[in-house]
1. Just name one of A:Ala590, A:Ala530, A:Thr545: the one whose Cα is farthest towards the positive end of the charge dipole of segment A:474-595 (beta-carbon charges, Lys/Arg +1, Asp/Glu -1).
2. Out of residues 5 or more away from A:Leu137 or on other chains, whose amide H comes under 5 Å of its own, with H placed 1.01 Å from N in the peptide plane?
3. For a quick protection proxy, order the peptides A:203-211, A:284-292, A:519-527, A:459-467 by their average other-Cβ count within 10 Å, most packed first.
4. Show log10 I(q)/I(0) for segment A:292-416 at q = 0.15 Å⁻¹, two decimals, from a solvent-free Debye sum over equal Cα scatterers.
5. Where the only charges are on Cβ atoms (+1 Lys, Arg; -1 Asp, Glu), what is the dipole of chain A about its Cα centre, to the nearest 20 debye?
6. State the Kirkwood hydrodynamic radius of segment A:13-111 in Å, one decimal place, computed from all pairs of distinct Cα atoms.
7. Consider a paramagnetic label point 7 Å from the Cα of A:Lys398 along Cα→Cβ; state which residues of segment A:262-285 have an amide N under 15 Å from it.
8. Restricting to Cα atoms and excluding each atom paired with itself, what does the Kirkwood estimate give for segment A:237-308 in Å?
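Values quoted throughout were computed directly from the atomic coordinates according to the rules given, and no laboratory measurement underlies them. What you see is a predicted model; the values in this text were computed from it and never measured. Reconstructed Cβ throughout: ideal geometry from the backbone, glycine too, with neighbour counts over all protein chains shown.
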Amino acid sequence: MAEPKTNELMEKIVSLCKRRGFVFQSSEIYGGIQGFWDYGPLGSELKRNVKELWWNAMMRAREDVVGLDATIIMHPQIWRASGHVDTFSDPMCDCLLTKRRFRADQIEPQSGIAYHYSGASDPSTGKQVAEPYSVLLPPGKPPESARRTATQFYAGRGLAQVELQGERTEKVEGSTRYNPENGSLLTEARPFNLMLKTYVGPVADEDNIAYLRPETAQAIFAQFKNVLETSRQSVPFGIGQIGKAFRNEVTPRNFTFRSREFEQMELEFFIRPDEAVEVLAGGVAQAAAGGWKGSPASDWGWEVWHKYWVEQRVQFYEDIGLPRTSLEEYWQKPEELAHYARATVDILFKFPFGTQELEGIAARGDFDLSQHQKHSGKSMEVFEEELKNAWGRLEEAKRQDLLRRTTEARLQALRKKGVAEAEAGPQAAAEAKAFVDKLARGVYIPHVIEPSAGADRLILALICHAFHEEEVTDDKGKKETRVVMRFHPRVAPIKVGVFPLLKNKPELVRKAGEVRDLLRPHMSVFYDDAGAIGRRYRRQDEAGTPFGVTIDFDTLGETPDLKETVTLRHRDSMKQERVPITELVARLTAAIRGA
RNA sequence: GCGGGCGUAGCUCAAUGGUAGAGCUCCAGUCUUCCAAACUGGCUACGAGGGUUCGAUUCCCUUCGCCCGCUCCA
């Protein structure tokens with residue numbers, strides 16, 4: 001699709017969201033607030049449906065996943081353990097000349113001669129600019145080029161003619177204060193902390209700082225032991241949670257796609273480390289064998305589990321109306337992975353503004369639980385009698401082989417982290433021995449597979465995917481545009497519209513009310529008796545209501561054969577059929593579940 | 001946070017240094033028959049604040065929001 005077209009399309013979608021009550025700007029009457037959005041009547045139904053479908057698919061339909069609903073504000077130590085306090089704040093600085101922005105910690109150190117200026121004046125007007133400025137000149141470049149750059153800078157400060165003042169030079173080694181591209185001085189580095197801060201308790205001082213969670217996952221890790229001990233679950237099992245998260249995004253963009261307050265649907269699925277799987281099952285299933293398409297088996301290691309969850313999640317999207325063709329899987333390359341991740345797959349949706357991430361499914365090893373064990377001093381280990389017994393039955397050669405391979409794996413990991421070879425060897429040996437010793441006693445820290453989805457992004461994807469404009473020709477040959485939201489009936493905010501053909505006939509209205517009350521216990525129903533019937537159908541098209549039921553005089557018995565039947569109108573095809581009222585509930589509930 | 005563009009009714013678009021107009025939508029009503037029909041009536045706007053002015057939607061400044069680019073997205 002062409003560029004301007006996609007923007008137009010997005011604008012139409014945003015407009016419809018507001019017009020029909022899917023999404024409003026937060027605090028709109030006060031001018032709005034950037035990066036915050038509200039869901040209106042249709043949007044809140046849609047979101048509720050999506051969250052409920054996720055909860056059902058991930059938890060209620062499974063034996064091995066349980067739920068959690070944790071607080072948004074937690075002990076600040078959680079965010080130290082998780083790494084968010086450190087990694088969520090990036091020092092940034094800008095080029096004074098081009099305004100280009102840099103991560104201050106990623107600028108390559110420069111050497112050369114710095115040309116400092118105290119200011120500049122305009123000889124034609126006498127105007128003065130007292131702002132100091134500097135240019136770094138790489139060795140071998142003529143001084144003129146530094147003066148040209150400085151002139152450009154002061155010209156940008158409003159001088160027509162520039163006379164540089166107070167030039168002096170200085171030798172500079174390994175400085176990160178200058179733009180590597182043009183030598184221009186950069187602004188001071190300013191920290192950007194992406195976590196929203198607040199204070200707990202009445203006194204707002206440093207001791208009381210707390211953070212609004214930037215992800216829901218950490219609460220799951222922090223409550224891992226409590227859930228394990230109360231839920232009658234054992235590894236492998238998962239804990240799922242739906243909840244708000246907050247990030248002080250630098251640039252919220254693309255409608256609700258990147259919001260500062262948003263909702264996540266996260267699962268942490270805890271599994272045995274591959275070594276434990278090997279001891280218990282005698283080997284680890286290979287992902288290449290394709291077992292991840294089936295049901296979980298005892299010999300699954302992290303790779304198969306990871307692929308399994310990717311497949312589960314894609315199937316979920318298919319089930320709620322996002323076909324595979326609208327999605328993309330992006331398997332992160334090894335060099336792109338965060339240090340704690342073994343593999344990460346992004347599930348992307350083709351939005352009108354670009355193909356963007358809906359969900360990330362990461363294999364995170366035991367990083368998170370280990371971090372919390374370290375920081376809290378509380379054990380995150382699990383014990384399996386069965387594992388201890390299996391180890392007892394293991395031949396000595398196999399035990400030694402496992403230790404040798406574990407040591408080798410640790411060594412590789414340490415090398416990758418840049419640990420010096422002399423230290424890496426003994427450290428790897430010690431770590432591997434400690435790990436295998438625990439394994440022998442049936443003890444380990446679980447590893448985790450994390451499918452983490454953005455609820456609001458999914459809502460936006462569903463809205464974008466549902467949006468259709470089509471040319472319709474009416475009886476008189478007049479062409480017009482029909483806007484229809486082709487939501488899957490499962491997620492549609494309203495399942496059925498109920499209409500008396502005419503409002504001014506009490507017997508029609510009464511009968512329509514009866515049909516509405518008949519359907520209401522089973523699904524969300526919208527009753528509408530205002531205006532022409534065609535208008536009411538079209539209104540429901542924009543709301544994405546898949547079915548319409550119309551009560552007419554035949555329903556009342558004007559044509560005896562049609563007594564107690566109604567018109568059932570289908571949103572997508574605009575086809576109509578005659579259906580007995582007694583069959584409506586069964587027909588509609590089947591269509592909503594099935595379709 | 002930087003640079004550029006934009007901001008009049010729910011939407012699309014007018015006009016004007018003298019107090020805002022249309023079409024569609026929406027609401028109420030008329031209509032015995034199925035895809036935004038017709039007719040009658042009605043509601044609704046100069047993003048916000050300040051300045052200049054007798055008077056500002058219009059000119060100036062600030063601010064907020066939206067779009068695009070930069071940056072960021074563990």
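1. After comparing all options, I get A:Thr545.
2. A:Ile113, A:Ala114, A:Tyr115
3. Descending packing order for the listed peptides: A:459-467, A:519-527, A:284-292, A:203-211.
4. -0.97
5. Working: 82 positive and 86 negative charges, 198 e Å.
The calculated dipole for chain A is roughly 940 debye.
6. Details: mean 1/r = 0.0533 Å⁻¹.
18.8 Å is the Kirkwood radius here.
7. Under cut-off, by backbone N: A:275-285.
8. Working: mean 1/r = 0.0674 Å⁻¹.
One over the average 1/r among Cα pairs gives 14.8 Å for segment A:237-308.
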